[in-house]
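The values are calculated or read from the model by the stated rules, or taken from the named source; none is laboratory data. The structure presented is a predicted model; accordingly, all values stated were derived computationally and were not measured. Counting neighbours? That spans all protein chains shown, and the Cβs are built from the backbone with ideal geometry, glycine included.
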């Protein structure tokens, strides 16, 4: 499985009252539509251009793009997806 960083920026940061519900909708939709995907971890970001960083393992880039679509539609957030490679694996490929 490939590893992806999903960088999200909330469209309406002031709407914290529905944040938990939106997060649950994203979770439910992702596991329904992409049952093979695995969320490794999630971080809230202070400062910078993004509000949330997710580390996700999926089968392919099409699945990672689907996660981005789910976040945009259910989470009311912009999402950018980056494929990452563990550093040691990258070095060994050189």
Exercise. Please specify each residue of the range 62-94 satisfying the condition of being over 14 Å from residue 23 (Cβ atoms), surrounded by 15 or more Cβ atoms within 10 Å (Cβ to Cβ) and touching a residue at least 60 places away in the same chain (Cβ under 8 Å).
Key: 64, 68, 78, 81
Quiz item: Is it true that some residue in the range 64-78 is over 10 Å from residue 4 (Cα atoms), in contact with a strand residue (DSSP E or B) (Cβ under 9 Å, 6 or more places away or on another chain), modelled with pLDDT of 85 or more and not in a helix (DSSP H, G or I)?
Solution: yes
Exercise. State whether one or more residues within the range 8-26 are within 10 Å of the chain's Cα centre (by Cα) and modelled with pLDDT of 90 or more.
Key: yes
Quiz item: Does residue 36 count as on the phi > 0 side of the Ramachandran plot and modelled with pLDDT under 90?
Solution: no
Quiz item: Within the range 1-61, which strands (runs of 3 or more DSSP E) (wholly inside it) include 2 or more residues that are without any contact (Cβ under 8 Å) to a residue 40 or more places away in the chain and either surrounded by fewer than 17 Cβ atoms within 10 Å (Cβ to Cβ) or out of contact with any strand residue (DSSP E or B) (no Cβ under 6 Å at 6 or more places or on another chain) (or both)?
Solution: 38-44
Practice problem: Scan the range 57-72 for residues that are touching a helix residue (DSSP H, G or I) at 6+ places or on another chain (Cβ under 8 Å) and within 13 Å of residue 8 (Cα to Cα) and report the count. | Solution: 3
